[in-house]
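The values are calculated or read from the model by the stated rules, or taken from the named source; none is laboratory data. Predicted, not measured: the structure shown is a model, and the values here were computed from it. Positions of Cβ are generated from backbone atoms using ideal geometry, with glycine treated the same way; all protein chains shown enter the neighbour counts. Only protein heavy atoms, including side chains, enter the accessible area calculation; ligands, DNA and RNA are left aside. Shrake-Rupley method; radii C 1.70, N 1.55, O 1.52, S 1.80 Å.
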Amino acid sequence: AGYEHHMLKEIHEQPVSLRNAMGGRLDLRSGRVTLGGLSRLGRELASFRRVLITGCGTAWHSGLIGEYLFEELARVPTEVEYASELRYRNPIVEGGTLAIVISQSGETADTLAALREVRMKGATVFGVVNMVGSTIARETDAGVYLHAGPEIGVASTKAFTAQVAVLAMIATDMGRRRHLSPERTQEILEALETIPEKVGQALQVESQVQALAGRLVDRDNWLYLGRGVNYPVALEGALKLKEVSYIHAEGMPAAEMKHGPIALIDEGMPVVVVAPRDSTYDKVLANIEEVRGRGGRVIAVATAADPDLERLADEVISVPATLPILSPLLTTVPLQLLAYHAAVLRGQNVDKPRNLAKSVTVE
């Protein structure tokens with residue numbers, strides 16, 4: 001379709017893939033989410049006492065965002081586990097547990113093994129997958145397809161944002177059945193409805209991001225920082241950079257930097273800080289000042305024009321504002337573009353990074 005690589009095409013497809021993921025599932029008139037895969041669970045959704053989310057790599061990162069979504073919107077205790085570790089530690093799974101299994105391919109061996117383990121222990125298992133008819137889709141009690149379309153690039157982009165959108169819909173539906181007011185539910189649904197258009201706006205920063213990558217692509221060590229629901233965005237941004245450009249990058253909660261990793265920061269080290277205006281904003285500004293004091297080069301991803309950020313950061317990349325709980329759907333877009341352009345400038349095989357496979361079918 002005129003794009004140089006599948007990864008770039010799939011990044012730019014996200015307004016469409018998100019619209020497809022939510023299409024026919026948001027009913028703004030009635031203030032409800034309609035997910036056919038959830039109909040099997042019916043009223044059971046209101047009675048689950050615990051949510052356990054599992055996945056690998058990018059799917060695990062979307063699950064971490066899901067933890068914030070379920071605990072804030074549905075007020076249900078939520079735990080996120082690497083699928084590759086879950087089955088080997090004799091997990092405690094009790095009745096009343098909803099296990100959400102996330103996989104783009106639906107064939108991930110570690111995730112499939114975790115699914116079978118928690119189902120044997122009595123959990124109700126719900127699948128979130130992209131590939132219709134995949135093994136995970138067949139073996140779960142219920143599930144939702146992402147409808148993101150084929151994802152050819154090994155580094156997941158549009159499947160990640162579709163996963164987050166689907167988790168937001170499930171959490172909203174569960175919350176509506178438990179405690180969310182009609183007004184709050186309507187606010188979330190209206191915000192979700194506008195996300196595809198806002199992702200399209202976020203993609204307009206590409207030329208800025210490409211120029212930024214050109215200035216910093218020679219740096220071999222990067223740090224990604226975020227707080228709250230954008231901490232997983234920092235993890236995902238660092239993973240994308242590692243996967244396709246082979247630049248070493250580390251993601252972490254911004255507050256944890258001073259508990260050891262701040263020792264890594266030297267003159268000119270790129271530090272990407274996800275800094276939307278939310279309840280943690282003032283704390284993030286303090287973290288940026290800590291980085292600047294050690295000579296780090298700060299790249300901030302913001303959700304509004306901000307004099308404070310303009311003063312503190314070396315570069316500010318702005319994306320549209322939305323509800324804070326949904327901001328990862330927008331703040332992740334510049335980080336995908338940054339990883340892509342860094343890889344291209346380094347001459348890497350963007351769509352087929354070394355040592356990686358699209359579907360990991362061995363443990």
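Give the residues of the stretch 77-107 that are modelled with pLDDT under 95, more than 18 Å from the chain's Cα centre (by Cα) and assigned to a loop (DSSP other than H, G, I, E, B), sorted by residue number. Correct list: R87, Y88, R89, N90, P91, I92, V93, E94, G95, G96, E107.
Taken over the stretch 310-363, residues that are open to solvent by 10 Å² or more (accessible area, probe 1.4 Å), farther than 14 Å from L241 by Cβ and not aliphatic (A, V, I, L, M) amount to 18. For the stretch 43-50, the criterion of a residue being of a type in the set (F, W, Y) and over 21 Å from the mean Cα position of the chain (by Cα) is satisfied by at least one position.
For R292, the requirement of being in contact with a strand residue (DSSP E or B) (Cβ under 7 Å, 6 or more places away or on another chain) and charged (D, E, K, R) is met. Filtered by the rule that a residue be surrounded by 20 or more Cβ atoms within 10 Å (Cβ to Cβ) and either in a loop (DSSP other than H, G, I, E, B) or touching a Lys or Arg at 6+ places or on another chain (Cβ under 7 Å) (or both), the stretch 132-145 gives S134, T140. I'm checking my understanding of the structure. Among residues of the stretch 110-126 that are without any contact (Cβ under 8 Å) to a residue 60 or more places away in the chain and not in a helix (DSSP H, G or I), which one is least open to solvent (accessible area, probe 1.4 Å)? Here the residue is V125.
Could you look through the stretch 278-309, keep only residues that are surrounded by fewer than 16 Cβ atoms within 10 Å (Cβ to Cβ) and within 21 Å of L203 (Cα to Cα), and pick out the one that is modelled with the highest pLDDT? Across the stretch 278-309, the extreme among qualifying residues is A304. Looking across the stretch 77-92, the residues that are open to solvent by 20 Å² or more (accessible area, probe 1.4 Å) and either in contact with a His (Cβ under 6 Å, 6 or more places away or on another chain) or among the aliphatic types (A, V, I, L, M) (or both) come down to V80, I92.
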